[in-house]
1. Identify, from the list Leu120, Leu59, the residue that is surrounded by fewer than 18 Cβ atoms within 10 Å (Cβ to Cβ), assigned to a helix (DSSP H, G or I) and free of Cβ contacts under 8 Å to residues at least 24 places away in the same chain.
2. Do we have Lys12 as touching a Gly at 6+ places or on another chain (Cβ under 8 Å) and at pLDDT below 95 here?
3. For the range 71-96, name all the residues that are free of Cβ contacts under 8 Å to residues at least 40 places away in the same chain and assigned to a loop (DSSP other than H, G, I, E, B).
4. Restricting attention to the range 141-182, which residues are assigned to a helix (DSSP H, G or I), at pLDDT 95 or above, of a type outside the set (S, T, N, Q) and surrounded by 14 or more Cβ atoms within 10 Å (Cβ to Cβ)?
5. Looking at Glu136, is it at pLDDT below 95, out of contact with any Phe, Trp or Tyr (no Cβ under 8 Å at 6 or more places or on another chain), of a type in the set (Asp, Glu) and assigned to a helix (DSSP H, G or I)?
6. Name every residue in the range 33-74 that is more than 16 Å from Met112 (Cα to Cα) and in contact with a Phe, Trp or Tyr (Cβ under 6 Å, 6 or more places away or on another chain), in order of residue number.
7. Return yes or no: is Asn110 assigned to a helix (DSSP H, G or I) and buried (at least 20 other Cβ atoms within 10 Å of the Cβ)?
8. Out of the residues in the range 97-107 that are at pLDDT 95 or above and outside any helix (DSSP H, G or I), state the one that is farthest from Lys163 (Cα to Cα).
Amino acid sequence: MGCSHCCNGDGKPNISDWINFVLQVFDNMGMRRRARELALKVLFHIEFHNVDPVSAFELICKEFDVSRNIQDFAKEIVLGIHENRKEIDSIISESSKNWRLERMSVVDRNLMRISTYEILFRDDIPPKASINEAVELGKKYGQEDSGAFINGILDNIYKRFYKFQESDEIQSKGIQQEDGAGGIKDTR
């Protein structure tokens with residue numbers, strides 16, 4: 001018995017099907033990255049032109065001839081950030097020591113908004129995947145130290161909202177963890 005993605009009914013791998021499956025997974029990941037890039041462009045435009053998100057989204061899609069298959073996810077991000085911006089900005093501000101939101105670069109600030117929105121409001125996206133995407137896009141579109149800067153703040157946000165959840169999961173699985181005094185304890 002094999003998996004339905006890469007094996008025939010006899011349990012033997014079918015290389016062609018497996019390759020197609022892997023390519024499809026990577027294509028979906030690529031579509032999400034392109035959607036985040038589109039969302040970044042729209043958010044960037046909104047910051048400088050103070051327009052509503054729907055008209056900004058339509059303008060950017062038309063201007064850059066954006067593929068229809070990435071527009072839905074990008075639009076969900078832009079509208080989700082718009083609807084929850086005060087909360088998102090407050091969380092970013094509280095998590096960034098010695099940095100006011102308005103002092104951050106527009107690219108860094110908006111990548112952190114995208115990731116924070118995904119962390120808080122999108123259960124279908126693993127938080128660490130969202131953080132990694134923001135870091136990689138920061139390296140691509142931001143300044144030399146944008147990746148590290150974004151990672152530091154988003155890591156603070158992640159720890160703030162997921163620390164207790166991970167601790168509960170570790171204890172319920174009976175896994176070893178630090179005892180707080182530098183040693184390891186078995187929670188089984």
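1. On the way: Leu120 fails: free of Cβ contacts under 8 Å to residues at least 24 places away in the same chain.
On inspection, the qualifying residue turns out to be Leu59.
2. Yes.
3. The one that is free of Cβ contacts under 8 Å to residues at least 40 places away in the same chain and assigned to a loop (DSSP other than H, G, I, E, B): Asn84.
4. Selection gives Tyr141, Gly147, Phe149, Ile150, Gly152, Ile153, Leu154, Asp155, Ile157, Tyr158.
5. Values: at pLDDT below 95: no; out of contact with any Phe, Trp or Tyr (no Cβ under 8 Å at 6 or more places or on another chain): yes; of a type in the set (Asp, Glu): yes; assigned to a helix (DSSP H, G or I): yes.
No: the conditions fail for Glu136.
6. Within the range 33-74, no residue meets the criteria.
7. So Asn110 fits the description; yes.
8. Checking each candidate, the answer is Ser105.
The values are calculated or read from the model by the stated rules, or taken from the named source; none is laboratory data. Since we're looking at a predicted model, the values are computed, not measured. When we count neighbours, we look across all protein chains shown, and the Cβ atoms used for this are built from the backbone with ideal geometry, even at glycine.
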